[in-house]
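The block underneath contains the structure these notes are about, expressed in structure tokens.
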Amino acid sequence: IQSVIVGKWNFESSENFDAYMKEAGVGMMTRTVAAKLKPTLEFVVEGDNWTMTSVSTFKTHVSKFTIGKEQDDKTADGRDVKSLYTLENDHLIQVEKSNSGGKDSHIDRYIDGGKLVIICECNGVKSTRVYTKA
Ligand code: DKA
């Protein structure tokens, strides 16, 4: 996945994102704003060190992580979490654990038919988001 995910992706579509955000504990005001966003995602990969940047009119959110190393992380809506990113069968898997008594998420990112598919899951509530290469 490393070689194909590198670069910029434009938001195409989203399903069930509000339900996912609600389950993950995102407040109503942020959900209302987030539902309307069409972010651009950019991936930079240097060996095991990745930078994933989401740019929208709401904010720019940067995640820097190392594959296989659990570390402190912040979600785009500001929740403090610990994230572990791994590569499994050409999927970038993020296991996100709440640092503050909130709920955990599992976020699966992969390329399908040239598109970037992101499946966000919290307590069985799933959202599918699709991006196309910019
Ligand atoms: C995406 O990049 C989805 C990223 C994971 C969801 C994070 C939840 C943040 C709520 C504002 O399209």
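Pairs meeting the criteria (first residue in the range 97-112 and β-branched (V, I, T), second residue outside any loop (DSSP other than H, G, I, E, B) and away from the ligand (no atom under 14 Å from the Cβ), beta carbons under 8 Å, at least 6 apart or on different chains) are I111/V4.
Within the range 37-61, being assigned to a strand (DSSP E or B), under 22 Å from M21 (Cα atoms), touching a strand residue (DSSP E or B) at 6+ places or on another chain (Cβ under 6 Å) and open to solvent by 60 Å² or more (accessible area, probe 1.4 Å) holds for E42, V55.
Only one of K64, K97, K69 is surrounded by fewer than 13 Cβ atoms within 10 Å (Cβ to Cβ), away from the ligand (no atom under 13 Å from the Cβ) and not in a loop (DSSP other than H, G, I, E, B); which?
Just a single option satisfies the conditions, and that option is K64.
Evaluating K133 against the criteria (1) more than 17 Å from I5 (Cβ to Cβ); (2) in contact with a Lys or Arg (Cβ under 8 Å, 6 or more places away or on another chain); (3) open to solvent by 50 Å² or more (accessible area, probe 1.4 Å) leaves one unmet condition, (1). Among the residues of the range 100-127, those that are within 10 Å of the ligand (Cβ to nearest atom) and of a type in the set (S, T, N, Q) comprise S105, S127. Over 22 Å from N10 (Cβ atoms) and in a strand (DSSP E or B): does that describe T86? Judged against the criteria, T86 is a match.
The values are calculated or read from the model by the stated rules, or taken from the named source; none is laboratory data. Note that this is a predicted model, so its numbers are computed, not measured. Virtual Cβ from ideal backbone geometry, glycine too; neighbours counted across all protein chains shown. Quick note on the areas: whole protein, heavy atoms, side chains included, nothing else; ligands and nucleic acids left out. Shrake-Rupley method; radii C 1.70, N 1.55, O 1.52, S 1.80 Å.
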